[in-house]
Amino acid sequence: MPTLEELDRALPDHPVLMLVGQGGPSATNTPGKKFLESKGVAVDAQGGIATGKGGANPSVDALDALRAIQTFEDQKRGTLDVMAYSLSVGLVTHGDQSGSWPAVRYEFGPNRGKPAPWKDLVEVTAGTAQSFDPWTSYDAVLELHRQGKLAVRLRLFFSSKDETMDLPYLTQRLNNQFPDFGDDWIRVSGMGENISGGDKSKPNPLYEKAAGLVAAYGWGHNQHGQGPEDEREITAAWERVNAKTPIAGLRWCLAHVANIERETVERLKAIGAGVCPNGAGRAPLRMLVDSGIHVAFGGDGAGAGPINPWVHMQYMVTGKTASGQVQKGQALTRLEALRLYTLGSAWFSKDENDLGSIEVGKYGDLAVLSDDFLDPARVPDDAIRRISSVLTIVDGKIVHDTGVLKTK
Ligand SMILES: [Zn+2]
């Protein structure tokens, strides 16, 4: 982490907070230290802010101090900033899996201020950077969409972790939201990456009921898994759901698939489901691609990994993670890595006829890269992560242009 002095040199006038991962530790500069200390956040002399220990987390307190002064205009500006960055690295569509619910204790809307009933019904979090208010967090992107200012496409998945067998929040979403509803820019694509609380490494009747409902209502689904036990149990639940409601047309995806076993992959493939080894460093990519199952790849959200696809593409091609670990025998060719990120991902939001490849009849979305990704002589393996876009076009319009390409 940079020190207070280094941050002061880079940004002397504006307060800054740099956060590691979702819940710190974090660092700030002198104006930031002054602001955060006035809000009761402990900042050390070097500008360091501690992470969670025994229930308290000064880094989350710092985030909350910023959230308290963030305006709706700030949210829109921040959204545009992240979209501009995304276009600068050639990424034109995001699958949004929302996030964990914050530990909000009070109702919104007409019952504002009353103790929230959901605190005993749904899993909430300690409010880290990935916490996501399921009622208000879409407002900024919806407003930008109404204003015609969206520059990247969004495919939304709704996440919730009901804790009780009547699944009140999942049921409300299913009863009140149309699946696959929206337009080319924002569309509702599924439920996930969680649809119930509870341990998924054992038979979980709560999860199985939730998955059964999602299938019966005809929705897409993406489910987070933690390792081989989760993967086996979730697959078994999907098989039982599939016996009642075939899921092959619904584009279900088991996410992360760390160390997934070949047998589990074959079982998923047999019921028409796929895998999304998003952001994971332990998914057997070679085995997954060779199995013929549907595979997507993505960065897993800015709270979990870099947005920049080229960092991930370097990992997929070399098998080497950011910490230097090498996964032997699981590397992909460059074209395979590109396909997982594009056409592979498009399948899971039913966009394969409109997105994912440059073809007549598809949307006019493309990126002109800074160098030839497919040519190792021009871009050696360890330089893949430095690729960017010099010109990005979405819906036939130039939305990012470094000026390298000249028009006559
Ligand atoms: Zn996940």
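Which loop-located trypsin sites (Lys or Arg not before Pro) does the range 21-73 contain, where loop means any DSSP state but H, G, I, E or B and the Cβ has at most 13 other Cβ atoms within 10 Å?
Passing both the DSSP loop test and the Cβ count: 39.
Report the FRET efficiency, 1/(1 + (r/R0)^6), for residue 270 and residue 382, where r is their Cβ-Cβ distance and R0 is 51 Å, rounded to 0.05. All intermediate terms of the calculation are to be shown ahead of the outcome.
Working: r = 39 Å, r/R0 = 0.76.
Approximately 0.85, to the nearest 0.05.
Please sort by residue number the trypsin sites (Lys or Arg not before Pro) in the range 282-369 whose DSSP state is loop and whose Cβ has at most 12 other Cβ atoms within 10 Å. Each step should come with its number before you reach the end.
Details: sites: 282, 286, 320, 328, 334, 339, 350, 362; in loops: 282, 328, 350, 362.
Passing sites in the range 282-369 are 328.
Reachable aspartates and glutamates from residue 350, Cα under 15 Å, same-chain residues fewer than 8 places away excluded?
Within the straight-line limit of under 15 Å, residue 350 reaches these aspartates and glutamates: 96, 180, 183, 184.
Using 0.36 nm per residue, how much length does the chain from residue 180 to residue 353 gain when fully extended, once their Cα-Cα distance is taken away?
That pair, residue 180 and residue 353, stretches by 60.8 nm at full extension.
Restricting to DSSP loop positions (anything but H, G, I, E, B) with no more than 11 other Cβ atoms inside 10 Å of their own Cβ, which GluC sites (Glu not before Pro) remain in the range 266-367?
Passing both the DSSP loop test and the Cβ count: 359.
Output wanted: per-residue J couplings in Hz (rounded whole) for the range 288-293, from phi through Karplus 6.51 cos²θ - 1.76 cosθ + 1.60, θ = phi - 60°, x for Gly and Pro.
4, 5, 5, 6, x, 6
Where a Cα-Cα gap under 23 Å defines reach, which lysines qualify for residue 119, not counting those fewer than 8 residues away within the same chain?
By straight Cα distance, residue 119 reaches 53, 161, 200, 209.
Name the residue, out of 241, 360, 16, whose mean-square fluctuation peaks in a Gaussian network model built on the chain with Cα pairs under 10 Å.
Its mean-square fluctuation being the largest, the pick is 360.
Just need log10 I(q)/I(0) for the range 268-362 at q = 0.14, 0.16 Å⁻¹, Debye formula, equal scatterers on the alpha-carbon atoms, no solvent, rounded to two decimals.
Once normalised to I(0) and log-transformed, intensities are -0.50, -0.65.
With no solvent and one equal point scatterer per Cα, compute the Debye intensity ratio I(q)/I(0) for the range 1-144 at 0.10, 0.13, 0.14, 0.18 Å⁻¹ and report its log10, rounded to two decimals.
These q points yield log10 I(q)/I(0) values of -0.42, -0.71, -0.82, -1.22.
In deg cm²/dmol, rounded to 500, what helix-only [θ] at 222 nm does the chain give when every DSSP H run of at least 4 residues adds -39500 (n - 2.57) and the total is split over its residues?
About -9000 deg cm²/dmol.
Treat each spin label as a single point 7 Å out from the Cα along the C-beta direction, and report the residue 318 to residue 226 distance in nm.
3.1
Net charge around residue 374, counting only other residues with Cβ within less than 14 Å of its Cβ (Lys, Arg = +1; Asp, Glu = -1)?
-2
May I ask for the Rg/Rh ratio of the range 346-408, computed from Cα atoms with Rh as the Kirkwood radius, given to two decimals?
1.04
Regarding the chain, what are the three Cα extents along the principal axes, ordered largest first, in Å?
Here the spans come out as 62, 59, 44 Å, largest first.
Among the aspartates and glutamates, which have Cα under 12 Å from the Cα of residue 202 when same-chain residues fewer than 8 positions away are ignored?
229, 230, 231, 233
If a helix is a whole DSSP H run, which ones in the chain reach 20 Å or further along their own axis (Cα) and hold a mean Kyte-Doolittle hydropathy of at least -0.5?
Working: long enough: 72-88 (24 Å, -0.48); 228-244 (25 Å, -1.35).
The qualifying helices are 72-88.
In Å and from the alpha-carbon atoms only, list the Rg and Dmax of the range 124-169.
Every Cα atom of the range 124-169 included, Rg and Dmax give 13.9, 41 Å.
Any chance you could check the Cα centroid distance between the range 141-159 and the range 380-408 for me, in angstrom?
22
No value in this document is a laboratory result; all are computed from the given coordinates. Owing to the predicted nature of the structure, the values given are computational and were not obtained by experimental measurement. Glycine gets a Cβ as well: all are built from the backbone with ideal geometry, and neighbour counts include every protein chain shown.
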